[in-house]
Amino acid sequence: MIISNTTFILKFMMENYEHYITKNIKDVCRTKMISPIIYLILLLALWILSPISEIVVPEKADSNDSLTKLYKQDVSYIDTKLTDLYFTGYTQTSLGFTTGYYYYTMRGNECILVLLSPSTSEEGLPKITALHTKGRLAKRDRAAKDVLDNLSKDLNWTETGIASKVSPYYINEPDCRNFRSYLLLFLYFASMLYAFISLILLVIYYRFPLLSPPVRQLSRFGKPAELLAEAEEELATLPQLATDDMFITEHYFIETSKYGIAIVPIREIIWVYKHSTLHKFFWYHFSISYTLHITANKHLYIHCPKNIKSDIDGIMDYLAEANHDILVGFSEENRLAVQEKQGTPLQIEKFLEMLKKRI
């Protein structure tokens with residue numbers, strides 16, 4: 001009966017832990033795919049619902065299209081050709097710098113104002129015969145109204161008279177080519193590229209777990225495929241020690257939590273220690289969690305957050321018994337000993353490793 005029960009337990013463990021590491025790598029990848037997918041959907045919605053698409057690809061408008069009609073059709077940015085633009089003599093300034101030059105021209109049967117950037121207008125040419133430009137279609141604001149008021153005085157017209165001849169909408173070129181627009185587009189496309197690349201990598205890691213970072217980092221100690229196969233086999237047969245998400249087999253320490261996957265040969269571990277984190281809400285302290293830190297050869301650093309003290313103490317004790325060269329506990333003496341063995345400042349290595357992990 002004892003032999004039968006033992007056989008049943010071993011069979012049960014082998015079935016539950018068969019390819020356990022690979023399955024967890026896939027689970028982590030599948031979970032992490034959610035964020036970039038949601039973000040890409042939000043970017044798509046932003047592209048459809050906001051003027052971002054029009055900044056990139058402005059609405060084509062020919063010389064007969066009325067600005068009033070375009071504005072009422074919710075067109076925000078246009079790409080158009082203009083002819084015979086005349087400088088009004090007035091400019092737009094910001095912080096003491098000239099940021100635009102006001103011109104007027106006839107467009108079909110209406111007179112329109114056009115605000116051109118200094119580079120386009122060559123610092124205020126008296127007349128521009130032909131121009132192909134992109135700009136924001138805007139309702140006449142206070143600055144444009146002031147230009148018309150001053151222009152009416154120059155022409156000896158009434159304000160009402162000139163306002164009736166000029167379209168209530170104007171073309172603002174600097175708003176389509178300013179720093180804020182370029183910064184917005186850069187952030188939009190850079191974040192989209194980052195999310196897309198992250199999603200593609202996660203799909204690759206899900207499809208081919210051997211290419212995932214937890215397995216690739218085993219190349220520091222040998223052939224990743226062989227080491228992973230050995231760790232999987234040891235975990236499936238009989239783990240020496242197991243908690244909710246940390247395991248010790250004959251030759252490996254293994255972590256399979258939602259925070260990440262780690263596989264470290266015990267012979268390569270040189271230092272283990274824990275530190276506590278007090279979780280509180282305002283002044284109320286509601287829990288303490290513990291993080292296990294593992295430093296291994298070849299500048300490998302692993303941290304296993306949000307565990308209970310008894311689990312981490314058990315892991316540390318077992319690792320110390322399995323490899324008597326492992327330094328246990330955080331102390332200045334141990335830190336200096338590891339730093340001397342690793343050959344470079346410990347904190348710099350941790351910072352670089354953190355950047356690599358995030359990338």
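Structure notes:
- Some residue of the stretch 271-287 being touching an Asp or Glu at 6+ places or on another chain (Cβ under 9 Å) and among the β-branched types (Val, Ile, Thr): no
- Within the stretch 27-56, being over 30 Å from TYR182 (Cβ atoms), charged (D, E, K, R) and open to solvent by less than 90 Å² (accessible area, probe 1.4 Å) holds for one residue alone: ASP27.
- Pairs are defined by a Cβ separation below 9 Å, a sequence spacing of at least 6 or placement on different chains, a first member in the stretch 190-208 that is more than 15 Å from ILE34 (Cα to Cα) and touching a residue at least 60 places away in the same chain (Cβ under 8 Å), and a second member that is part of a helix (DSSP H, G or I) and of a type outside the set (A, V, I, L, M); the pairs so defined are SER191/TYR39.
- Flag if THR93 is under 24 Å from ASP146 (Cβ atoms), open to solvent by less than 60 Å² (accessible area, probe 1.4 Å) and not hydrophobic (A, V, I, L, M, F, W, C): no
- Test: residue in the stretch 237-246 that is touching a strand residue (DSSP E or B) at 6+ places or on another chain (Cβ under 6 Å) and open to solvent by 40 Å² or more (accessible area, probe 1.4 Å): yes
- Set SER276, SER257: member being exposed (fewer than 15 other Cβ atoms within 10 Å of the Cβ) and over 21 Å from ASP325 (Cα atoms): SER276
Residues are listed down the side, and each one gets a yes or a no for (1) within 23 Å of LEU319 (Cα to Cα); (2) of a type in the set (S, T, N, Q):
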residue: TYR205; (1), (2): no, no
residue: ALA225; (1), (2): no, no
residue: GLU233; (1), (2): yes, no
residue: THR243; (1), (2): yes, yes
residue: THR249; (1), (2): yes, yes
residue: ILE254; (1), (2): yes, no
residue: ILE261; (1), (2): yes, no
residue: ILE270; (1), (2): yes, no
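- Some residue of the stretch 320-336 being modelled with pLDDT of 90 or more, β-branched (Val, Ile, Thr), under 27 Å from ASP27 (Cα atoms) and open to solvent by less than 40 Å² (accessible area, probe 1.4 Å): no
- Within the stretch 301-316, at least one residue is among the hydrophobic types (A, V, I, L, M, F, W, C), modelled with pLDDT of 90 or more and over 30 Å from TYR206 (Cα atoms).
- Here THR105 meets the list (1) over 30 Å from the mean Cα position of the chain (by Cα); (2) at pLDDT below 85 almost entirely, failing just condition (2).
- Qualifying position, being of a type in the set (A, V, I, L, M), open to solvent by less than 90 Å² (accessible area, probe 1.4 Å), assigned to a helix (DSSP H, G or I) and at pLDDT below 95, among ILE171, ILE197, ILE162: ILE162
- Selection status of ASP141, farther than 22 Å from SER181 by Cβ, open to solvent by 20 Å² or more (accessible area, probe 1.4 Å) and either touching a strand residue (DSSP E or B) at 6+ places or on another chain (Cβ under 9 Å) or touching a residue at least 24 places away in the same chain (Cβ under 8 Å) (or both): no
- Failed condition for GLY222, given (1) without any contact (Cβ under 8 Å) to a residue 60 or more places away in the chain; (2) assigned to a helix (DSSP H, G or I): (2)
- Cβ pairs under 6 Å, 6+ apart, first in the stretch 318-330 and of a type outside the set (Asp, Glu), second in a loop (DSSP other than H, G, I, E, B) and open to solvent by 50 Å² or more (accessible area, probe 1.4 Å): none
- Filter result for the condition that a residue is more than 26 Å from PHE189 (Cβ to Cβ) and of a type in the set (Phe, Trp, Tyr), over TYR20, TYR39: TYR20
The values are calculated or read from the model by the stated rules, or taken from the named source; none is laboratory data. The model shown is predicted, which means the values in this text are computed figures rather than measured ones. Positions of Cβ are generated from backbone atoms using ideal geometry, with glycine treated the same way; all protein chains shown enter the neighbour counts. Heads up: the accessible areas ignore ligands, DNA and RNA and are worked out on the full protein's heavy atoms, side chains in. Shrake-Rupley method; radii C 1.70, N 1.55, O 1.52, S 1.80 Å.
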